[in-house]
Every structure is written in structure tokens, then in C-alpha cells.
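See below for the structure under consideration.
Where a number appears in this text, it was derived from the coordinates with a stated rule and is not lab data. Model, not experiment: these values are computed from the prediction. Every residue, glycine as well, gets a Cβ built from its backbone with ideal geometry; the counts of neighbours run over all protein chains shown.
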Amino acid sequence: MNYTPSYCSVCGCTLIPVAGGEACPRCDVPAASFSQPADYVRPAPIPLEGASYIDAVPAKDTSWGALTGYLVWAASVMLMLGLQLVALIGYGVLVDRTMLVQVAGGKITPAAVVVSLISAFVAQVLTLALCWLIVTRAGKRPFLETLGWGWSPRFRLVHAVGLTILMLGFGYVASKVLPHKQTDLDKILEMGLAVRVVLAILATMGAPIVEEVVYRGVLYSPLERAHGVTAAVAIVTLLFWGVHVPQYLGSWAVLVSVFVLSLALTLVRASTGKLLPCVATHFFFNGVQAVGIIASSPKHAGEPVKAAVMALLQWCGLT
């Protein structure tokens, strides 16, 4: 008799046999009810206190492999860079040739920034669509559940807020002790309030979702299964950090802060098996800095962590 595996409705992991039924090795509770009769499994007893199904199988089950994860990551980078290049060239040729000459000479102009921001938004949408196709197998599986969406008993909303405060505090200390030179992003932020507002919206609403789906979702899961937790955490951390290096090149304070952010988010994913804690922490981290960017003066717009911490202290009445 052939055995047909069942999948968890929460994270998509293959269920394992336990006394009284089957259970998910990645969730901390027995298998939930399923929408399809064929997927139904009998409930299993809750494990003893201190035990967890997450320890049973270290690697999350996915229907895609490590190579697919790498290709999705590469596609997300190519979309971001390629669409900006195409948009800048197209706008320059059709509308503003002077801008194209200035950009080619290394000068950042307001028109170029607007075009780049619009193309970045389009790239985020296309990246999310690509991830949906891979994860769901073109609609055959649930998207969020397969990625491991949801909270873990080990990590709730309050933990996301606490971790955000810790990382902001680290970034503030780093800005005090590590060298910081003006980067291209600093120059963009100094172009005015409107530019800072648009950047803040993209960083808060788009990046936490798209980047977490790519890095801690589509990429991390098959790497953990193929190479183990340690290697997966190291690879994802470095890839996320490396993509952000060009925009922060020249500022060791920001580069170190981004590395700590990447490592912390990947460790959260590895320890909980869930994606929502990563998205929430990333959202709070970027959101607080976005407030700092908008509230800061043009002269200090390139110091979002410092501005965010000062705004947070003032709101708490500590300064």
C-alpha cells in the first residue's frame, strides 16, 4: 500500500507519524484541521512540557530546492537593478536627455531619483509575483502557509518590538564609534522632504515583506534542508548584507547595523520556523527609522538610526 504524505496547513511541512495521528515537525502544536478532506489527519496529543515538534526535523520541507532559492534571489537582484537601468535609459532617451548625461557622469538628479523609486516599486511587485509562482506551484498550494506564516510561542509581537529596540540601540552606538562617510543614499535623502517620504514608504511597506519572503522564506527554507541550519543562516545573512553594501558603501556604522539586522532576522527564522516574526521585526526596524528620516533635518537625513533613536527617546520623555 503506497503512503501518501500529508502536509501541514500552517507551514506546508510534511507531517510525521506520532501516537494518535500525525503532527507537524516545524510547528509547536499538533496538525491543524485542513480545508481539503484528502489532507485531513487525526489530531495528535500535545507534546510534554518543554518538548517541541520543531526539534524533530531540523529542516523545513519545501517543494523547491536550493538551486531554485538561489535563482529566485538572483532574479530579485536583477529585477531591482535591471528595471532601474531600463527605466533611467528609457526616460532619458524619450523625455530628458540631460538627465541621462548627468547620471552617466555620476551625478544624482531629482528626476533620476523619482524614476528609480518607481522602478523599485515595480521590481518589488514582480519579485513577489515570482515568489508566489514558486511557492504555490502556480496556485496549487497556499502561499503564506507554505512559507511558514504565523507566530511562534517562542516569538510574539512583544519580542519583535524588543528586538527592534535592541538593534536600534546597537545602531546608535555604532554611529558613535564607527566611521561614517556620506553615501549616495545620504545625497538622495538631502534632496527634500518629498523624496524622504517616498523612500520611507517603500522601506516600510515594501521591503519588510518582499525581502523577508525572498531571503527568510524562499531562500532560507531549502538551504536549511540542504546544508543545515548553520550554513543556511550564514549564507542568507551574507547575501542580504551584500545586496545592501553598495547603497551604504562608505559608512561602516550603517554596514555593521545592516549585518546585525540580517543576522538577527535569520536567527529568528531558524529558531522559530516562522516568517511572520521576521516580517514584523523588519517592519518595526524600518518603520522607526522611516520616522527618523522624515523628522530629521536635511543636514542629518543620512543618519536615520541616530534620528530614530533620538525621536524615540523624546517620545518616551527621556530627553
The simple spin-label model distance between Leu133 and Ser271, using points 7 Å out along Cα→Cβ, in nm, is 3.7 nm
How far is it, in nm, from the label point at Val161 to the one at Trp252 when both lie 7 Å from their Cα along the line to the Cβ?
3.6 nm
Exposure proxy order (Cβ contacts within 10 Å, fewest to most) of Ser221, Ser152, Ser76:
Ser152, Ser76, Ser221
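Just the C-alpha atoms of the stretch 111-180: what Rg/Rh do they give, with Rh taken as the Kirkwood radius?
Values: Rg = 18.7 Å, Rh = 16.0 Å.
The Rg/Rh ratio comes out at 1.16.
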Looking at Phe155, Gly217, Phe170, which one has the Cα that reaches farthest to the positive end of the dipole of the stretch 66-315 (charges on Cβ: Lys, Arg +1; Asp, Glu -1)?
Phe155
Fewest-first ordering of His282, His159 by Cβ atoms within 10 Å yields His159, His282
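Within 10 Å, count the other beta carbons around each residue, average over each peptide in 174-187, 268-281, 246-259, and list them highest first. Write out the running numbers ahead of the final one.
On the way: 174-187: 15.2, 268-281: 23.5, 246-259: 18.6.
Packing order, densest peptide first, comes out as 268-281, 246-259, 174-187.
Against the empirical 2.2 N^0.38 Å scaling, what ratio does the C-alpha Rg of the stretch 66-315 come to?
Details: Rg = 18.4 Å, N = 250, 2.2 N^0.38 = 17.9 Å.
The reported ratio for this selection is 1.03.
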Rg and Dmax [Cα atoms of the stretch 91-216; Å; Rg one decimal, Dmax integer]
19.2, 56
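Any idea what the relative contact order of the stretch 66-315 is, in percent, if you count C-alpha pairs under 8 Å spaced at least 6 apart?
Details: 315 pairs, mean separation 67.0, N = 250.
Contact order relative to length: 27 percent.
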Distance between modelled label sites at Leu193 and Arg154, nm, 7 Å Cα→Cβ extension
4.5 nm
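Give me the tail of P(r) for the stretch 198-274 as a percent: Cα-Cα pairs with distance above 16 Å.
On the way: 1479 of 2926 pairs.
So the portion of pairs separated by more than 16 Å is 51 percent.
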Which of Arg225, Arg154, Arg216 has the fewest other C-beta atoms within 10 Å, and how do the rest follow up to the most?
Arg154, Arg225, Arg216
